[in-house]
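**Q** I'd like to ask you about the structure that follows.
The values are calculated or read from the model by the stated rules, or taken from the named source; none is laboratory data. It should be emphasised that the depicted structure is a prediction, and the values quoted were computed from it without experimental measurement. Positions of Cβ are generated from backbone atoms using ideal geometry, with glycine treated the same way; all protein chains shown enter the neighbour counts.
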Amino acid sequence: MNVNNPKQKLNAQKSLIIVSIVYLVNTSIGTTIAIHENLPSVTLVKSGLPAWEDFLVGFGTALSAPLVLCLALVVCIILALQAKRLGTIGVAGLVILSVFFIVGTFAETITYRVLAPATFDLPKALVVVAHIVLSLLMIGLGSWELARKRQASPHLSKQHAGESL
């Protein structure tokens, strides 16, 4: 087996896009559960809105990011599919959004409630754990892809080499 074959290597950009799409699916499931059970976002800041309004114009639901961040994720996925600078902007956007997603997941009080043995709730716990794992994968794959693009871009390497002198 030839390990140096580029077709056999992990394509971080494609993997990042796939993971981001799976994140969107998971967010859709979380939004559906949260709206059905009226679980608005509960962090240090509360909007006081019902879950469906909180998703549309507030901080999101207890199990999903707000609509504006989901739309930003879609835009970044589309940009990440592009070549050159637009692709790099899309990948960077996905990394930044995934940092917001993981911080938001840990800021939600439901995260700790559904994972605690006494109040464990399997469907909600699966959504929360998937949010955490997928966000971490997006950060890792996106960072890997950004590092690869930087290393592959000779004009960036020369520019930064001159700055360090």
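**Q** For the structure I just gave you, tell me whether Lys46 is basic (Lys, Arg), closer than 22 Å to Ile78 by Cα, surrounded by fewer than 15 Cβ atoms within 10 Å (Cβ to Cβ) and out of contact with any strand residue (DSSP E or B) (no Cβ under 6 Å at 6 or more places or on another chain).
**A** no
**Q** If I ask for residues that are farther than 26 Å from Glu37 by Cβ, among the aliphatic types (A, V, I, L, M) and in contact with a helix residue (DSSP H, G or I) (Cβ under 8 Å, 6 or more places away or on another chain), which ones from segment 76-134 would you list?
**A** Ile77, Ile78, Leu79, Ala80, Leu81, Leu86, Ile89, Val91, Ala92, Leu94, Val95, Val99
**Q** Okay, moving on. Ile17 - would you say it is touching a helix residue (DSSP H, G or I) at 6+ places or on another chain (Cβ under 8 Å), assigned to a helix (DSSP H, G or I), at pLDDT 95 or above and surrounded by 17 or more Cβ atoms within 10 Å (Cβ to Cβ)?
**A** Here the answer is yes, as Ile17 does meet what is asked.
**Q** When the residues of segment 57-73 are filtered to those that are modelled with pLDDT of 95 or more and in a helix (DSSP H, G or I), which remaining residue is surrounded by the most Cβ atoms within 10 Å (Cβ to Cβ)?
**A** Within segment 57-73, the match that is surrounded by the most Cβ atoms within 10 Å (Cβ to Cβ) is Leu73.
**Q** Residue by residue through segment 78-92, note down the ones that are aliphatic (A, V, I, L, M), loosely packed, with under 13 Cβ neighbours inside 10 Å and part of a helix (DSSP H, G or I).
**A** Passing the criteria: only Ile78.
**Q** Further question on the same structure: Out of (1) more than 20 Å from Leu126 (Cβ to Cβ); (2) of a type in the set (A, V, I, L, M, F, W, C); (3) over 19 Å from the mean Cα position of the chain (by Cα), the odd one out for Leu39 is which?
**A** (1)
**Q** From the list Thr88, Thr105, which one is of a type in the set (S, T, N, Q), touching a residue at least 60 places away in the same chain (Cβ under 8 Å) and out of contact with any strand residue (DSSP E or B) (no Cβ under 8 Å at 6 or more places or on another chain)?
**A** None of the other options fit; the residue is Thr88.
**Q** Within segment 122-149, work out how many residues are charged (D, E, K, R), modelled with pLDDT of 95 or more and farther than 17 Å from Ser28 by Cβ.
**A** Counting residues in segment 122-149 that are charged (D, E, K, R), modelled with pLDDT of 95 or more and farther than 17 Å from Ser28 by Cβ gives 0.
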